[in-house]
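**Student:** Mind looking over this structure? Questions follow.
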């Protein structure tokens, strides 16, 4: 999912293996404007002819455009229909028509190696390495536009180029296995492109499943490239009050030899888990991460095969309450969470305020039939439910006291910008009144 404005206003673009919505045929990619689903029409037809894995907006100097990557070979065509534009797994949509990303000998990406060789684009990100913003395209491929680009390549709007360290040889191009996630993050040493995947080397250096790319070339994230013990499905940057940090989610047991329970955070010096003192460590593979503000401040949300965290039920989607507080589920009118895993999360304002969108192969969300995509929002949040578990208990008092003692202004219940005895009184009054 990504939000893109084609000139008619921001809309939520959703890609995947999608036939349509109701009577509207989408062909693997569609546009939601807050009221209706629309296909992406063009001179050659609609959509793309197979699965979409990743999307990103990028302006190559000719105006903003939406780029889509996946396993598809043609764009501007319906499934099983001939005559589409040959794009080879990556294509540009400018709001009216599709175009290919051409190279010296062909368009798009091709060729892969390994026992499970499926050529695909899995991640897109826009990053400026000092020579201007460019689109970075990553996945399972060894050629882009005919040039050797091992699993990651740079597209500047006119041509493809490989990622080779200034002091490296052409053999040290890219990484040695599939890339699954990208994110731009500044850990204090300057913006860098963080790359996650199945690889064990980047630019010829040891880098287990995660590495950094900067104008200086490739480098491991942590000393000696110990990294992670599994490939992250998603990378996200979130500031929970200690400055922006990088979060990696997937099927990950260890980061730098420390247990992390499928999600880890990098603070610029070392890796940490997100567990809390009463054993609410994360359980289950993480598919996606998103930052969403429901009106009470930005928070980190995760989706995937996550059913429980310690003694809390999540049902495939959860919200992190910060250090020491663990995870909580998303309550619905008749149930909690989703009926199956959500592959993708996105944030979009459809006119009612920002909402968190979850897409996947599931039918129910919060007890409501939704048909593979749903919107979560919390227009009226019960402030007295301070730990966010849906119940008013002693733990809300403890969470409030911890925030107050730590100087966290989320405990400023009377809104005067200071933490005083009156905040205790206001909190107690709201707790006594109960949640609506």
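The values are calculated or read from the model by the stated rules, or taken from the named source; none is laboratory data. None of the values given here were measured: they were computed from a predicted structure. Note that we place each Cβ from the backbone using ideal geometry, even for glycine, and neighbour counts take in every protein chain shown.
**Student:** So which of 108, 30, 16 is closer than 30 Å to residue 199 by Cβ, at pLDDT 90 or above, under 20 Å from the mean Cα position of the chain (by Cα) and not assigned by TED's automatic domain parsing to the domain that holds residue 343?
**Tutor:** Being closer than 30 Å to residue 199 by Cβ, at pLDDT 90 or above, under 20 Å from the mean Cα position of the chain (by Cα) and not assigned by TED's automatic domain parsing to the domain that holds residue 343 holds for just one of 108, 30, 16, which is 16.
**Student:** Right, here's the next one. Do any residues in the range 407-436 that are more than 20 Å from residue 295 (Cβ to Cβ) and not assigned by TED's automatic domain parsing to the domain that holds residue 296 have Cβ atoms under 6 Å from those of residues that are at pLDDT 85 or above and surrounded by 14 or more Cβ atoms within 10 Å (Cβ to Cβ), where the two are at least six apart or on different chains, and which pairs are they?
**Tutor:** These pairs meet every condition: 419/404.
**Student:** Next question, about the same structure. Taking the criterion of being in contact (Cβ under 8 Å) with a residue 40 or more places away in the chain, within 21 Å of the chain's Cα centre (by Cα) and within 21 Å of residue 204 (Cα to Cα), would at least one residue in the range 113-136 satisfy it?
**Tutor:** Yes, because at least one residue in the range 113-136 is in contact (Cβ under 8 Å) with a residue 40 or more places away in the chain, within 21 Å of the chain's Cα centre (by Cα) and within 21 Å of residue 204 (Cα to Cα).
**Student:** Now, a different point. Go through the residues of the range 348-359 one by one and say whether even a single one is in a loop (DSSP other than H, G, I, E, B), crowded, with 17+ Cβ neighbours inside 10 Å and at pLDDT 85 or above. Write out each step before concluding.
**Tutor:** Just the residues of the range 348-359 that are in a loop (DSSP other than H, G, I, E, B), to begin with: 350-353.
Add one more test, that the residue is crowded, with 17+ Cβ neighbours inside 10 Å, and what stays is 350.
If we keep only those that are at pLDDT 85 or above as well, we get 350.
Yes, there is a match, as at least one residue in the range 348-359 is in a loop (DSSP other than H, G, I, E, B), crowded, with 17+ Cβ neighbours inside 10 Å and at pLDDT 85 or above.
**Student:** Please go through the range 33-48 and give me each residue that is buried (at least 19 other Cβ atoms within 10 Å of the Cβ) and over 24 Å from the mean Cα position of the chain (by Cα), ordered by number.
**Tutor:** 42, 45, 46
**Student:** For the range 255-266, check the following and say yes or no: at least one residue is in a strand (DSSP E or B), surrounded by fewer than 19 Cβ atoms within 10 Å (Cβ to Cβ) and not assigned by TED's automatic domain parsing to the domain that holds residue 291.
**Tutor:** yes
**Student:** Of these, 165, 161, 99, which one is modelled with pLDDT under 95, in contact with a strand residue (DSSP E or B) (Cβ under 8 Å, 6 or more places away or on another chain) and within 25 Å of residue 201 (Cα to Cα)?
**Tutor:** 165
**Student:** Which condition number in (1) under 24 Å from residue 177 (Cα atoms); (2) surrounded by fewer than 24 Cβ atoms within 10 Å (Cβ to Cβ) is the one that residue 238 fails?
**Tutor:** Of the numbered conditions (1) under 24 Å from residue 177 (Cα atoms); (2) surrounded by fewer than 24 Cβ atoms within 10 Å (Cβ to Cβ), the odd one out for residue 238 is (1).
**Student:** Let me ask you something else. Is one or more of the residues making up the range 54-72 part of a strand (DSSP E or B), modelled with pLDDT under 95 and over 26 Å from residue 212 (Cβ atoms)?
**Tutor:** Quick first cut of the range 54-72, residues part of a strand (DSSP E or B) only: 54-59, 64-70.
In the following step, the residues that additionally are modelled with pLDDT under 95 were identified as none.
Within the range 54-72, none of the residues are part of a strand (DSSP E or B), modelled with pLDDT under 95 and over 26 Å from residue 212 (Cβ atoms).
**Student:** Residue by residue through the range 1-32, note down the ones that are surrounded by 15 or more Cβ atoms within 10 Å (Cβ to Cβ) and part of a loop (DSSP other than H, G, I, E, B).
**Tutor:** 1, 6, 16, 18, 26, 27, 28 - these are the residues of the range 1-32 that are surrounded by 15 or more Cβ atoms within 10 Å (Cβ to Cβ) and part of a loop (DSSP other than H, G, I, E, B).
**Student:** Tell me whether the range 133-155 contains one or more residues that are outside any strand (DSSP E or B) and in contact with a helix residue (DSSP H, G or I) (Cβ under 7 Å, 6 or more places away or on another chain).
**Tutor:** Among the residues of the range 133-155, not one is outside any strand (DSSP E or B) and in contact with a helix residue (DSSP H, G or I) (Cβ under 7 Å, 6 or more places away or on another chain), which makes the answer no.
**Student:** Out of all the residues in the range 271-321, which are in contact with a helix residue (DSSP H, G or I) (Cβ under 9 Å, 6 or more places away or on another chain) and modelled with pLDDT of 80 or more?
**Tutor:** 297, 321
**Student:** Which residues, taken from the range 399-420, are surrounded by 14 or more Cβ atoms within 10 Å (Cβ to Cβ) and outside any loop (DSSP other than H, G, I, E, B)?
**Tutor:** 399, 400, 401, 402, 403, 404, 409, 410, 411
**Student:** Residue check: is residue 109 more than 27 Å from residue 191 (Cα to Cα) and in contact with a strand residue (DSSP E or B) (Cβ under 7 Å, 6 or more places away or on another chain)?
**Tutor:** For residue 109, the condition - more than 27 Å from residue 191 (Cα to Cα) and in contact with a strand residue (DSSP E or B) (Cβ under 7 Å, 6 or more places away or on another chain) - is not met.
**Student:** I'd like the full set of residues that are over 27 Å from residue 31 (Cβ atoms) and surrounded by fewer than 18 Cβ atoms within 10 Å (Cβ to Cβ), limited to the range 95-109.
**Tutor:** 104, 105, 106
**Student:** Next question, about the same structure. Out of curiosity, is residue 220 more than 27 Å from residue 57 (Cβ to Cβ), in contact with a helix residue (DSSP H, G or I) (Cβ under 6 Å, 6 or more places away or on another chain) and modelled with pLDDT of 95 or more? Quick ask: steps written out before the conclusion?
**Tutor:** Working: more than 27 Å from residue 57 (Cβ to Cβ): yes; in contact with a helix residue (DSSP H, G or I) (Cβ under 6 Å, 6 or more places away or on another chain): no; modelled with pLDDT of 95 or more: yes.
For residue 220, the condition - more than 27 Å from residue 57 (Cβ to Cβ), in contact with a helix residue (DSSP H, G or I) (Cβ under 6 Å, 6 or more places away or on another chain) and modelled with pLDDT of 95 or more - is not met.
**Student:** Which numbered condition in (1) modelled with pLDDT under 95; (2) within 18 Å of the chain's Cα centre (by Cα) is the only one that residue 260 fails?
**Tutor:** (2)
Rundown of residues vs (1) modelled with pLDDT under 95; (2) surrounded by fewer than 22 Cβ atoms within 10 Å (Cβ to Cβ); (3) more than 20 Å from residue 64 (Cβ to Cβ), yes/no style:
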site	(1), (2), (3)
112	yes, yes, yes
121	no, no, no
124	no, no, no
130	yes, yes, yes
136	no, no, no
139	no, no, yes
145	no, no, yes
149	no, no, yes
156	no, yes, no
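**Student:** Further question: So, in the range 158-176, how many residues would count as being assigned to a strand (DSSP E or B) and buried (at least 21 other Cβ atoms within 10 Å of the Cβ)?
**Tutor:** 2
**Student:** Right, here's the next one. Does the range 229-252 include one or more residues that are over 18 Å from the mean Cα position of the chain (by Cα), over 16 Å from residue 139 (Cα atoms) and part of a strand (DSSP E or B)?
**Tutor:** no
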